[in-house]
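Working notes, beginning with the structure itself.
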Amino acid sequence: MKKLQAIFEQRVLDKKDIVYLLSLDNETEQKLLFQKANELTGSVFGKGVFLRGIIEFSNVCMRDCHYCGIRVSNQTIQRYRMPVEEIVEIAVRIRTADIFTVVLQSGEDPAYTPEVIEKLIRDIKANADIAITLSVGETDRDTYLRWRKAGADRFLLKFETSNPELYTRLHPDCDFDERWRCLKDIRETGYQLGSGFMTGLPGQTVDMLADDLLALAGLEPDMAGIGPFISHPQTPLHNAAGGDPLMTLKVLAVARLLLKDTYLPTTTALETLEHNSRIRGLTSGANVIMPNFTPLKYKQHYEIYPNKAGTRSDVGDILQTIREQIRAAGKHIESGYGHSVRKRFKGSKG
């Protein structure tokens, strides 16, 4: 217990401290870790929880990542692409629901050219006073800049693992250095940056998770998504064990210790593994939830992992469940855009 308190009092955590925290197996000490993370969240953000409405507008992807159900090699799923007009209509609906951010997420789909994405951004901004987060994968610096100038506010690109060997095994057609080049370009072209990684990947160790957390802290992200790996039956990792909810919560809590002013979601993947774990996430450092506004006819096919929470639920039911979970965590929904509170963005709407 004394060692735990000593770590809490340190201004900077090193890798040894992080490994110690992730290895806590005493329930009382785990609760102290979660409590500390919750206190830090409250000291910066209060009890407010920000909602970001997701639209999964295409499940077509040219990548072949070994953990992902929408990988190009999966011939069993029904592919779809949403028209720009329909995406804009749903973005307007999100804003009407008093949610101030839309997250536009897809596979790396070449049909959505830089021109199409630019039009999508401009059309949304013309029809709704809403912040836009893009989550559409890797591209070149000029394209990131183009979309930023069109009005995109944020970009989410997870590095998934900071270990080059593990990254290469999981992403046979991707390049580790290229992923980090993209993250650098996203930052330098003026976006609020979101990144993150998975817990419980096959071959991942606690030592690697500590490295992931340090790599994440080094990025100084404005938002960080951390969720458990869940195996998909149509991938090479179909027999692999899934991530552990408790370990994911510990990683989330340590992320809060390292990143005091970063938005941290409690993820759908965590809720999928363990019902009502959103509540535990909100009391362990998280302050963001991302309700899914993708129409039912599409979202059952956006199967990155199976049995995703809310896949067969109407958005009204999803929002009602989220409201109840937020209240159960002793918190409330925060209005406003939820732009970065980090120093470089203070006073900016973009």
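The values are calculated or read from the model by the stated rules, or taken from the named source; none is laboratory data. Computed from a predicted model, the values in this text were never measured in an experiment. Virtual Cβ from ideal backbone geometry, glycine too; neighbours counted across all protein chains shown.
Miscellaneous remarks
- Residue within the stretch 33-43 that is among the small types (Gly, Ala, Ser), assigned to a loop (DSSP other than H, G, I, E, B) and under 28 Å from residue 156 (Cα atoms) present: no
- Restricting 218, 227 to residues that are surrounded by fewer than 22 Cβ atoms within 10 Å (Cβ to Cβ), farther than 17 Å from residue 138 by Cα and modelled with pLDDT of 95 or more narrows the list to 218.
- Note on the stretch 160-170: among residues that are hydroxyl-bearing (Ser, Thr, Tyr) and part of a helix (DSSP H, G or I), the one that is farthest from residue 252 (Cα to Cα) is 168.
- Out of 16, 36, one residue alone is among the charged types (D, E, K, R), surrounded by 16 or more Cβ atoms within 10 Å (Cβ to Cβ) and farther than 30 Å from residue 304 by Cβ. It is 36.
- Identity of the residue in the stretch 286-319, closer than 26 Å to residue 75 by Cβ and among the β-branched types (Val, Ile, Thr), that ends up surrounded by the most Cβ atoms within 10 Å (Cβ to Cβ): 294
- Flag for residue 143 being assigned to a helix (DSSP H, G or I), among the polar types (S, T, N, Q) and buried (at least 17 other Cβ atoms within 10 Å of the Cβ): yes
- Scope the stretch 34-52; condition farther than 21 Å from residue 9 by Cα and of a type in the set (D, E, K, R); matching residues: 47, 52
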